[in-house]
Amino acid sequence: MKKLLIVILLAAAGQKAAAQRNQAAAAALVPLPVQTQWTNETVAISANTAIVTDAATAGLAVLLNTYVQEQLGFPLPAQGKNRIVLTVDTTLQLPPEGYQLRAANNEVRIAAYSTDGIVHGIATLRQLWQPQGKSLRVPGVTITDYPRFAYRGMHLDVSRNFFSVDYIKQLIDQLAFYKINNFHWHLTDDQGWRIEIRKYPKLQSIAAWRNQTLIGHKKELPHQFDGRKYGGYYTQDEIREVVAYAAARHINVIPEIEMPGHALAALAAYPELGCTKGPYKTAEFWGVFDDVFCAGTDSTFTFLEDVLDEVFALFPSPYIHLGGDECPKVRWAKCPACQRRMKTEQLKNEDELQSYFVKRIAKYIQSKGRKVVGWDEILEGGLAHGAAVMSWRGVEGAVEAAKQEHQVIMTPEDELYFDHYQSLYRTEPTAAGGYTPLREVYEYDPLHAAGDTALLPYIAGIQGQMWSEYLPTVQQANYMIYPRLLALAERAWSPRETRSYPDFLQRLAVHDTLLKTRGIVAPAVRHEITYESDSLERGGIYISLHTTSPAARIRYTLNGTAPDANSPLYERPLHITETATLRAALFEGQQQVYREFQQVFNVSKSTGARITLKAPPNTKYNGDASTLVNGITGTHRFNDGQWLGFSARDLDAVIDLGTPQLIKVVAANVLHYRWQKMWAPAILEFQYSNDGIHYLPMAKTKTFIINGINNVRIRVRPVKARYIRVCAKNRGVIPAGEYGAGGNSMLLMDEISIN
Ligand code: ACM
Ligand code: ZN
């Protein structure tokens, strides 16, 4: 009898566990809540389910009904047999924005300390319910949930490409669905001014427009243009509409008005605000431009204060973003008014003039009861008291700001810039650069890498950046935003300990479908094939392939043909001994899923050879010396792990070919990309030796003409040699007039091949 009872109990426990798994899998919550307990029950929401509110939540019944109506085609009544209860309970012991959601006994109950929490509970409910005929089915569950970070943000640049109010609202809907609570609206930049300012009509008639737009990537020279006038702006009514729409979803909208740099569009309209007085034109390509607001003339400040007055009236946001990034100082250095200002204000250099500029505007913003936020350059020359910093260039700005007890929002370009490529696939649409795959966003953990967790209390949160240079369509914008937004949302909200990428990917499959029902198709980048060079030996490399797909298997070819269901299955690392293009694809059974992956492996006499560096790379591009001879060529996604970066330091490498070899061609790649402070060497030189001590010259060049990857290839007088020395002389300090002038340039080198 006892045995039977145990068997029954075990069976019941097993069923319960299975139910838990089923419920959890079907619901696939993103971001994952803090605590979830599933039951076997189902609660139905139907025409006779009432939304029951209290004084605090009455307004939210309208919001909830908007969502119910989308699903069922009708709103819920205020009275009925079953209930959804929304209740603010100030005795609840929950962190800010926390909520409890319970679906049991034919009732859904969302309780929170504040209406913010109720809104998040509603977002969770929307992910829980599943339509079934004329009802929504909610799995039985008790959830206790609250965010890890108070600030969870998403940014969108509408200057480089302009997006309609409808699109902005759709984005805000998604932010609400994933519990992102700040929308950072990048409204002004060199390529277009997008906010109506009534006091300055030429912002609408001139600054909102550019005559044409660059075609292709900006590093492709010569630049080509489409010849079509492009532009637009949001009227103040439209802005109010967006702000109200966001507010109803408890999302704050932070406007960004860029200064002192990224101001060309405004200068085109009002040239008297620039140092040279123009004429200027709204930028037609992407980058950092020398013409910025003049810091010496008071009319600049009058203009910006007038603009801000209208901004304050439109945006209730506690924070106002004043940009502050990427401001070249070359005009200021030559402008009599700016120089006079430096004298009267006793400023030592133009960096301090930038600090003066930012502090002066910050003071104005603060005098109106608002707080200031800016990109991390606002730290330079001293930060205005009380200003918050968006740390985009890495972690140093964040650490510095936090040490000074400023609030910091982590917006690092390596991990949270969604204008980066999201895969290494060559078929990726043109993007700004860099490589930020979904996994990297998902695994982002602020300050932990820096080991400075004591500063974590100053980290208000994290934010994804969507710069729009390469987003000519809404489809492309969505392609870049989703699903990285979901990864961001989970990192911003869920406890650090719950991080599991495989589990996230499984839940993502459900969200693909959800996104599709809202017209957002971002299908491509779920399961990538990635590769690694496992080991090197002279004359060959071992390449292992990986996929994030739990279900699919990899088939590949090395003979140039497209992989199909009959191609070899990948089972063990591939030994590649001659130059070949790997083509690989994922197969579920006989069916190819996702896109084909291609990668060229270049095998030369130096591939896998022993290589030593006189001094190691000293930047974040600090891989092992062997990456210079691993057969894999660094790409425009310069954080692809292939480039080695040397700051204020030369590259001096010796390659030992093992035995003397006949050499006819030497080659190397260097990256010349001034907007990233990456400079080709002053001189690149190859030497040879047979004893490893005495070297003779073989080839050299000083010519690097391409803005991007320079593929240097020099035919040499044939010679037999065992040792090849490669010296690349760093360009040194970045010259005046260039982006980052006065700082150290970075020398980036990859694949050296000897044939
Ligand atoms: C930035 O990416 N210039 C903030
Ligand atoms: Zn000036």
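For segment 274-318, carbon and sulfur atoms together expose 56% of the accessible surface, with a 1.4 angstrom probe and every protein chain in place. Shape class of segment 652-744 from the Cα gyration tensor (axes a ≥ b ≥ c, square roots of the eigenvalues): prolate, since a/c reaches 1.5 or more and a/b is larger than b/c. Estimated at the nearest 10 Å², the accessible area of Tyr739 is 40 Å² with a 1.4 Å probe. Note on Ile693 and Asp237: their simple-model spin labels are 8.6 nm apart, each label 7 Å out from Cα toward Cβ.
Take every pair of alpha-carbon atoms less than 8 Å apart whose residues are at least six positions apart; their mean separation over the length of segment 254-337 yields a relative contact order of 45 percent.
For the chain, dividing the convex hull volume of the Cα atoms by the residue count gives 204 Å³ per residue. Pairs exceeding a 29 Å alpha-carbon distance, out of Lys199/Lys371; Lys334/Lys368; Lys169/Lys219: Lys334/Lys368; Lys169/Lys219. With labels modelled as points extended 7 Å from the Cα through the Cβ direction, what inter-label distance (nm, one decimal) is found for Thr302 paired with Thr344? My value for the distance between the label points is 1.3 nm. Ranked by solvent-accessible area (1.4 Å probe, protein heavy atoms only, all chains present), the residues Tyr501, Tyr319 order from largest to smallest as Tyr319, Tyr501. For His250, what accessible surface area do you get with a 1.4 Å probe? Give it in Å², rounded to 10. The accessible area of His250 comes to roughly 50 Å². For the chain, the 222 nm mean residue ellipticity estimated from helices alone, with every DSSP H stretch of n ≥ 4 adding -39500 (n - 2.57) and the total spread over all residues, rounds to -7500 deg cm²/dmol.
Taken about its Cα centre, the chain carries a charge dipole of about 1000 debye when Lys and Arg each add +1 at the Cβ and Asp and Glu each add -1 at the Cβ.
Based on Cα contacts under 8 Å between residues 6+ apart, the chain shows a relative contact order of 9 percent. Accessible surface for Thr42 stands near 70 Å², nearest 10, in the context of the full protein assembly shown (1.4 Å probe). Put simply, when 539-548, 373-382, 689-698 are sorted by average Cβ atoms within 10 angstrom per residue, most first, you get 373-382, 539-548, 689-698. Largest first, the residues Asp226, Asp534, Asp640 sort by 1.4 Å accessible area into Asp534, Asp226, Asp640. With contacts taken as Cα pairs under 8 Å at a separation of at least 6 residues, segment 541-625 carries a relative contact order of 26 percent.
The values are calculated or read from the model by the stated rules, or taken from the named source; none is laboratory data. Note that the coordinates shown come from a computational prediction; the quantities given were computed from them, not determined experimentally. Cβ sites come from the backbone with ideal geometry, for glycine too, and all protein chains shown count toward neighbours. For accessibility, only protein heavy atoms count, side chains too; no ligands or nucleic acids. Shrake-Rupley method; radii C 1.70, N 1.55, O 1.52, S 1.80 Å.
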